[in-house]
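Student: Structure in structure tokens, see below.
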Amino acid sequence: MPNIIAALLACLGIIIGSLGPWATLFTFSKAGVDGDGVLTLILAVVAAITLFTVLSRGGTAKFGDRWVAPAVGAITVAIGIVDAMNLSNLETTLMRTTVSPSVGWGLWVVLLSGAALCVTSLTVAQIVGKRSR
């Protein structure tokens, strides 16, 4: 039970992070939903729905649905890493000064929540697998 609640909280973190800024430059920012944040938002909702269905069935899995949330966590982390690396490689010269955007708090929240979802939901999947046997 604690692991599934932690996994659901991680899904909420991904949703919040997807709506937050992923890139900031001076006072300007770009929200996650302007890019890959839409994908992470949809994936987090799918993972949350799957976790709720496993919880509502009393911890039993059907059709391999116990592996949806760990896969979503891994995909979310991969998206976050790729986007953070792309941001760190961007730079431009402005009035003889090199400037580059920084990773916004939304992307950090997505990365950390995706990792938490991966770990906690993997534990849930293992426990559910033992119950289903």
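Student: For the Cα atoms of the chain, what angle does the longest principal axis make with the long axis of helix 105-132, in degrees from 0 to 90, nearest 10?
Tutor: 10 degrees
Student: By how many degrees, between 0 and 90 and to the nearest 10, does the Cα long axis of helix 68-88 differ from the longest principal axis of the chain?
Tutor: 10 degrees
Student: Helix 37-56 sits at what angle to the longest principal axis of the chain, using alpha carbons and giving 0 to 90 degrees rounded to 10?
Tutor: That works out to roughly 20 degrees.
Student: How big is the Kirkwood radius of the range 2-132, worked out from every pair of different alpha carbons and given in Å to one decimal? It would help to have the intermediate numbers written out before the result.
Tutor: Values: mean 1/r = 0.0656 Å⁻¹.
Result for the range 2-132 stands at 15.2 Å.
Rule-based calculations on the coordinates, nothing more; no lab input. Here the structure is a predicted model, which is why all the values come from computation and not from measurement.
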